[in-house]
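J.: Mind having a look at this structure? Questions to follow.
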Amino acid sequence: TGHVTYDPGFVNTAACSSKITYIDGDAGILRYRGYPIDELAGKASFLETSYLLIYGELPTTDQLAAFTEKVQLHTMLHEDFKRFFDGFPRDAHPMPVLSSAVSALSTFYQDSLDPFDSDQVEISTVRLMAKVPTIASYAYKTSIGQPLLYPDNTRSYVDNFLRMTFGVPAASYDVDPAFAKVLDTLLVLHADHEQNCSTSTVRLVGSGQANLFASVSAGVHALSGPLHGGANEAVLQMLGAIQADGGDAASFVRRVKAKEQGVKLMGFGHRVYKNYDPRAAIVKQAAQDVLSRMAKPDPLLDIAMKLEEIALADDFFVSRKLYPNVDFYTGLIYKAMGFPTKMFTVLFALGRLPGWIAQWREMINDPETKIGRPRQLYVGSPEREFVPIEKR
Ligand code: CMC
């Protein structure tokens, strides 16, 4: 087939050009719209970073205020939409609930689905940014049988989400400002990562001119896998299993090196980074800060640090350039904040949302966009004669 290139996993294939995110995997560099991630994390809020990703420039004070107000105007869910949450089993994983709910937004907002109408794309952008935190917290509230809280738009984006998640109607809820700040930073760190699995999915679905809700809903599913966003949940399960086994990090690493079926060092390795993930360095510091404030230290932090220490000194990992990625330490922070393990990947989705939206918008406005349609190498049977069923 002449000009067809075989590239499983798209390791060497650029499927688009993009102005949004720059990664130099060998040097461990990540920039959004030219700004280094370690400058943004801690200095720019999540909504500010979202604005940067989606519109291309850091907002002025007035622009950020206007964007924040627009988002706050749309944080409520339609009353009929709420019935949705009762339709799932109580023990449902919140990722498929989130994906289904995002998909369902397209049934409630049928007037704004045209990918080529910029006003409709704008209102869909705002609705997604506003409603995904509400959906995420309602998925959690339903799973524990607590009433759903209306958004409180006098609070910041993250404060409002934390209150909807952990607050109850009968009592006031004071968000721990240190937790809110760390969560905001973690969302910034997850906000975009160029053509990763879920973002490529969003672009691919959108390249067929499916609407923004449909595309993002597919992205949520793509993110759920343990090799992608689901890794933060898988890391905590791994640390828990090591702890239950007596806390022997070295013996777990031996099993990884022996390539035992299904045993990987979760939270390690990356397709693009062949150096320390710059996000992981920031997360590790945040984990140490947050966990040192806890009344009771989490023994899983020690296990994680021990695992990292052993791996970074071991030729198996060194020769393969395997370093901790963004999700090696995030789960420990989420756990300290009180999130159940099942919610970890939902938090990743909350963070990645502006990246998905920005990439979808860039794709739809790019005159070079074509429907995504990979080729294949056919390795099946050559032509053969049909055998009627009674003769098989
Ligand atoms: N533990 C043990 N061995 C590993 C790991 C790991 N976490 N990651 C890669 N390897 C080995 C792999 O077995 C292979 O060895 P060999 O050359 O002997 O066959 C070599 O390293 C190269 O790995 P690969 O699987 O070809 O690399 P990839 O680019 O296809 O996969 C990855 C990247 C992230 C899926 C993979 O490193 C992995 O499975 N990591 C664990 C899951 C994880 O933490 N995922 C989160 C990624 S960061 C958040 C996000 O963006 O989603």
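J.: Taking springs between alpha-carbon atoms closer than 10 angstrom, which of Thr345, Thr60, Thr21 fluctuates most in the Gaussian network model of the chain?
T.: Among Thr345, Thr60, Thr21, the largest mean-square fluctuation in the Gaussian network model of the chain belongs to Thr60.
J.: Among Ser137, Gly56, Pro374, which residue has its Cα positioned farthest towards the positive end of the charge dipole of the chain, with +1 placed on the Cβ of Lys and Arg, -1 on the Cβ of Asp and Glu, and the dipole taken about the Cα centre?
T.: Of the listed residues, the answer is Pro374.
J.: Further, regarding this structure: In terms of the Cα gyration tensor, with a ≥ b ≥ c the square roots of its eigenvalues, is the stretch 275-392 rounded because a/c is under 1.5, prolate because a/b exceeds b/c, or oblate?
T.: Prolate, since a/c reaches 1.5 and a/b exceeds b/c.
J.: With a/c under 1.5 counting as rounded, go ahead and sort the stretch 300-355 into rounded, prolate or oblate using the C-alpha gyration tensor (a ≥ b ≥ c being the square roots of the eigenvalues; past the cut-off, prolate if a/b is larger than b/c, else oblate).
T.: Oblate, because a/c is 1.5 or more while a/b does not exceed b/c.
J.: Amide H of Phe268 versus every other amide H placed in the peptide plane: which residues, excluding those fewer than 5 positions away on the same chain, fall under 5 Å?
T.: Asn325
J.: Say each of Glu260 and Met305 gets a label point 7 Å from the Cα, pointing the same way as Cα to Cβ; how far apart are those two points in nm?
T.: In this crude spin-label approximation the distance works out to 2.6 nm.
J.: Can I ask one more? Could you calculate the contour length gain from His78 to Asp7, that is, 0.36 nm times the residue separation minus the distance between their Cα atoms, to one decimal place in nm?
T.: Extra length available between His78 and Asp7 comes to 21.1 nm.
J.: Sort Lys259, Lys141, Lys82 so that the residue with the fewest other Cβ atoms within 10 Å of its own Cβ comes first and the one with the most comes last.
T.: So the ranking, lowest neighbour count to highest, is Lys259, Lys82, Lys141.
J.: Additional query: Looking only at chymotrypsin sites (Phe, Trp or Tyr not before Pro) in DSSP loops with at most 10 other Cβ atoms within 10 Å, what is the longest site-free stretch of the chain?
T.: That gives 117-377 as the longest site-free run.
J.: What's the lysine pair count for the stretch 231-337 at a Cα cut-off below 27 Å, pairs eight or more apart or interchain?
T.: Lysine pairs meeting the criterion: 24.
J.: Across the chain, where is the longest run that never hits GluC sites (Glu not before Pro) in a DSSP loop with at most 13 other C-beta atoms within 10 Å?
T.: Formally, the longest exposed-site-free interval is 58-259.
J.: State whether the chain is rounded, prolate or oblate according to the following rule on the C-alpha gyration tensor (a ≥ b ≥ c being the square roots of its eigenvalues): a/c under 1.5 gives rounded; otherwise a/b larger than b/c gives prolate, and the remaining case gives oblate.
T.: Because its axes are fairly even, with a/c under 1.5, the chain counts as rounded.
J.: When Val205, Val168, Val272 are ordered from fewest to most other Cβ atoms inside 10 Å of their Cβ, what list results?
T.: Lowest to highest Cβ neighbour count: Val168, Val272, Val205.
J.: Taking the simple approach of a point 7 Å from Cα along Cα-to-Cβ for both Ala15 and Glu383, what is their distance in nm?
T.: Label-label distance for Ala15 and Glu383, simple model: 3.3 nm.
J.: Further question: Tell me, His3, His270 in order of fewest to most beta-carbon neighbours within 10 Å?
T.: The order, fewest Cβ neighbours first, is His3, His270.
J.: Can I ask one more? What's the extension gain from Asn365 to Arg271 if we count 0.36 nm per residue and subtract their Cα-Cα distance?
T.: Extra length available between Asn365 and Arg271 comes to 31.1 nm.
J.: Given the DSSP H assignment, sum -39500 (n - 2.57) over each helix run of at least 4 residues in the chain and divide by its residue total; what's the result at 222 nm in deg cm²/dmol, nearest 500?
T.: The per-residue figure over the chain is -16500 deg cm²/dmol.
J.: Can you tell me, using C-alpha contacts under 8 Å and at least 6 residues apart, the relative contact order of the stretch 231-337 as a whole percent?
T.: 45 percent
J.: Further question on the same structure: Could you give the length gained on full extension between Gln237 and Tyr22, defined as 0.36 nm per residue of separation minus the Cα-Cα distance, in nm?
T.: This chain segment gains 74.2 nm when fully extended.
J.: Explain nothing, just the number: relative contact order of the chain, from Cα pairs under 8 Å at least 6 residues apart, as a whole percent.
T.: Result for the chain is 24 percent.
Taken together, the values in this text are just the output of simple stated rules run on the coordinates, not laboratory data. Source: prediction; values computed, not measured. Ideal geometry is used to build each Cβ from the backbone, glycine not excepted, and the neighbour counts take in all protein chains shown.
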